[in-house]
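Below: the structure, in structure tokens.
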Amino acid sequence: MNAIDREVPKDLDIHLVMDNYGTHKTAKVRAWFAARPRYHVHFTPTSASWINLVERFFALISGRWIKRNSHRSTRELEASIKDYLATYNDDPKPFVWRKTADQIIESIARLSDKLNNKTNFC
């Protein structure tokens, strides 16, 4: 955060999108942001669907690259990740939602019905 603060021109506001993880809400972090009013923090809703895509990308890089290579230091790991990203970005494959919001809601409703029916038999 200090690097971002140094690099971004002082006349620009900075908007950060963060998950709801508790460490972002500690007194020390809140004090840091309070001292820098150009920062605007936006927290994603718990279980935000687009976060699932970000987590999927991390799973992809972990399975296809990090776990298949040997890293003797944090510096080597960081360089390896940057190599993967450069390779991936040469021919990117975007994550695409395969279902509409209505299909997802219908699926959840079916699951809910099944769960409710199972609990009625207990």
- Task: Filter region 69-107 for residues that are surrounded by 10 or more Cβ atoms within 10 Å (Cβ to Cβ) and among the aliphatic types (A, V, I, L, M) and give the result.
- Result: LEU77, ALA79, ILE81, LEU85, ILE104, ILE105
- Query: Restricting the first residue to region 2-19 and requiring it to be modelled with pLDDT under 95, which pairs with a second residue that is of a type in the set (Ser, Thr, Tyr) and not in a strand (DSSP E or B) meet a Cβ separation below 8 Å and a spacing of at least six or different chains?
  - Reply: VAL17/THR44; MET18/THR44; ASP19/THR44
- Message: I need every pair where a residue in region 21-40 that is at pLDDT below 90 has its Cβ under 6 Å from the Cβ of a residue that is part of a helix (DSSP H, G or I) and among the β-branched types (Val, Ile, Thr), sequence separation at least 6 or different chains.
- Response: none
- Subset of region 84-122, residues under 20 Å from the mean Cα position of the chain (by Cα) and assigned to a helix (DSSP H, G or I), comes to TYR84, LEU85, ALA86, TYR88, ASN89
- Query: Tally time: how many residues in region 61-82 are in contact (Cβ under 8 Å) with a residue 12 or more places away in the chain and either among the hydrophobic types (A, V, I, L, M, F, W, C) or out of contact with any His (no Cβ under 8 Å at 6 or more places or on another chain) (or both)?
  - Reply: 5
- In the list ARG75, ARG68, ARG56, which residue meets the criterion of being more than 24 Å from MET18 (Cβ to Cβ) and not in a loop (DSSP other than H, G, I, E, B)? ARG75
- When region 79-106 is checked residue by residue, the ones that are more than 17 Å from ASN52 (Cα to Cα) and either among the small types (Gly, Ala, Ser) or outside the structural domain of ASN69 (by TED's automatic domain parsing) (or both) are ALA79, SER80, ALA86
- Task: Would you check if GLY63 is surrounded by fewer than 12 Cβ atoms within 10 Å (Cβ to Cβ), modelled with pLDDT of 85 or more and closer than 30 Å to ALA101 by Cα?
- Result: yes
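The values are calculated or read from the model by the stated rules, or taken from the named source; none is laboratory data. Fair warning: this is a prediction, and the values are worked out from it, not measured in the lab. Cβ: placed from backbone, ideal geometry, glycine included. Neighbour counts: every protein chain shown.
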